[in-house]
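S.K.: I'd like to ask some things about the structure below.
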Amino acid sequence: MISVQNISKVYRLYHHPLDRLLGNFRTDSRRSADFWALKDVTFRVEKGEVFAILGPNGSGKSTLLQIISGILRPTSGRVLTSGRIAALLELGAGFNPEFTGRDNVYLNGEIMGLTRKEMERAFPEIEAFAELGRFIDRPVKEYSSGMYVRLAFSTAIHVDPEILIVDEALAVGDAIFASRCIRKFEDLRQKKVTVLLVSHDLGLIKRLADRAVFMLEGQVVMEGTPKDAVNQYVGFVLDRERASRPAVTGLDENIAAKSSFRHGDGASRVVDVQLVNGAGAPCRAFRPGEALVVRILAVFNQPVTNPVVGILIRNRIGLDVFGTNSRLEGIDLGTFEEGEELEIEFEMDCLLSRQEYTLTVATQYSNGLSQDWMDDVLDFQVVDTKDVAGVLNLNARVRHRKLVAARDQQPSGLVQP
């Protein structure tokens with residue numbers, strides 16, 4: 001369990017190194033400025049929960065994790081934790097570069113409060129998971145960044161932590177290691193280990209997290225489901241340079257009410273979205289192999305040249321399944337004046353497996369900034385009598401034949417008695 005209660009952290013920034021020295025003897029606000037890395041942050045993570053923290057660089061995520069881990073002291077507020085904490089923060093933090101990998105594993109175990117015998121029992125699993133081979137007995141200063149993180153992650157998860165704190169630890173690992181770590185996260189969840197996770201991998205957060213917060217400028221902007229937090233974060237990233245979000249009025253009120261999150265500068269507005277089958281009839285249930293058509297109607301509120309219209313299909317837990325847009329498909333939509341409308345259709349073969357999905361649509365500029373982005377505006381399902389793993393049904397065709405074992409074949413030229 002982790003309880004973060006009104007945490008704030010302020011740093012005093014000095015204009016000149018001499019001002020820092022003088023600041024120890026007298027208070028002069030003209031010589032320094034206060035920077036609030038965190039402002040009144042409050043949330044609670046229950047035992048066995050995977051909790052994600054999202055936000056752009058500089059939003060206070062790493063500072064918050066260091067306070068929770070006990071590395072930094074907050075200016076105000078407090079953190080209550082229950083259980084042994086294992087933290088993966090900065091790459092190689094806690095490792096002595098002159099020690100071998102083996103020595104660092106034992107050192108970290110002692111820091112965590114484990115006995116020598118406990119570490120000797122755990123070491124074979126740590127070594128096998130890290131897959132460092134002979135480098136386990138080489139100084140870690142010779143390690144690559146990937147080797148560093150493999151050893152650090154393996155050590156942290158095999159010392160039986162009750163709370164695991166991870167800050168972008170998987171960013172430098174290869175795909176095979178990342179897949180192995182994801183499976184380990186699932187195992188930790190089954191063991192009721194509390195996980196606090198910071199990552200810019202939005203798909204990973206959607207897959208692993210139970211809840212998430214979106215932080216901005218040291219404050220928690222929203223707390224909720226991973227999907228909603230990711231949508232807020234994506235909206236911020238796409239429209240960072242936009243000063244304010246226009247109000248939704250007029251024709252598109254009904255369609256806007258269906259969207260889980262909407263953002264854009266309003267140069268164009270999506271006023272209707274339909275899902276239809278190959279015959280053009282409205283449809284919200286499709287079978288594999290059928291035609292799936294997305295029909296979008298947008299109106300332009302100001303002149304726009306070469307707009308881009310796109311779609312994105314997600315599964316029920318918010319993972320991106322397929323996305324495309326008019327630019328990727330090689331379609332030039334031309335120029336639109338104020339008041340003109342655009343109707344566009346995306347027709348696809350439904351190769352999805354039996355699940356529920358959501359549809360996100362967007363109109364954008366050619367540089368990627370949004371005019372109107374609507375997350376999860378419609379939902380639909382794929383029905384099928386066949387069970388397959390994953391999100392795609394690629395209509396596999398299986399061929400097989402029985403091979404006669406060599407020992408059952410008679411060598412040529414021999415006469416059987």
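S.K.: Quick check, is Asp228 touching a Ser or Thr at 6+ places or on another chain (Cβ under 7 Å) and either surrounded by fewer than 21 Cβ atoms within 10 Å (Cβ to Cβ) or hydrophobic (A, V, I, L, M, F, W, C) (or both)?
M.R.: Taking the combined requirement at face value, the residue satisfies it.
S.K.: Next question. Being basic (Lys, Arg) and either over 25 Å from Gly318 (Cβ atoms) or assigned to a strand (DSSP E or B) (or both) narrows it down to one residue among Arg134, Arg183, Arg189; which is it?
M.R.: Of Arg134, Arg183, Arg189, the one residue that is basic (Lys, Arg) and either over 25 Å from Gly318 (Cβ atoms) or assigned to a strand (DSSP E or B) (or both) is Arg134.
S.K.: Okay, next question. Scan segment 381-392 residue by residue and report those that are under 20 Å from Arg207 (Cα atoms) and either crowded, with 20+ Cβ neighbours inside 10 Å or in contact with a Leu (Cβ under 7 Å, 6 or more places away or on another chain) (or both).
M.R.: Val391, Leu392
S.K.: Looking at (1) more than 22 Å from Gly203 (Cα to Cα); (2) surrounded by fewer than 19 Cβ atoms within 10 Å (Cβ to Cβ), can you tell me which one Glu356 breaks?
M.R.: Here Glu356 meets the rest and fails (1).
S.K.: Would you list the strands (runs of 3 or more DSSP E) that sit entirely within segment 236-346 and hold 3 or more residues that are modelled with pLDDT under 90, assigned by TED's automatic domain parsing to the domain that holds Val377 and under 21 Å from Thr358 (Cα atoms)?
M.R.: 261-263
S.K.: Would you mention how many residues in segment 197-212 are among the aliphatic types (A, V, I, L, M) and either within 8 Å of the chain's Cα centre (by Cα) or surrounded by fewer than 18 Cβ atoms within 10 Å (Cβ to Cβ) (or both)?
M.R.: Residues that pass the stated criteria total 3.
S.K.: Sort out which residues of segment 87-112 are in contact with a Lys or Arg (Cβ under 7 Å, 6 or more places away or on another chain) and either part of a loop (DSSP other than H, G, I, E, B) or at pLDDT below 90 (or both), and write them in order of number.
M.R.: Passing the criteria: Pro97, Glu98, Met112.
S.K.: Also, I was wondering about something else. For segment 371-405, what are the residues that are under 15 Å from Leu275 (Cα atoms) and over 23 Å from the mean Cα position of the chain (by Cα)?
M.R.: Phe380, Gln381, Val382
S.K.: Against the condition of a type outside the set (A, V, I, L, M) and modelled with pLDDT of 90 or more, how does Phe43 come out, does it pass?
M.R.: yes
S.K.: To continue, here is another question. Conditions: (1) exposed (fewer than 12 other Cβ atoms within 10 Å of the Cβ); (2) modelled with pLDDT of 95 or more. Asn367 meets all but one. Number of the miss?
M.R.: Unmet for Asn367, out of (1) exposed (fewer than 12 other Cβ atoms within 10 Å of the Cβ); (2) modelled with pLDDT of 95 or more: (2).
The values are calculated or read from the model by the stated rules, or taken from the named source; none is laboratory data. The structure presented is a predicted model; accordingly, all values stated were derived computationally and were not measured. With ideal geometry, Cβ positions are generated from the backbone for all residues, glycine too; neighbour counts draw on all protein chains shown.
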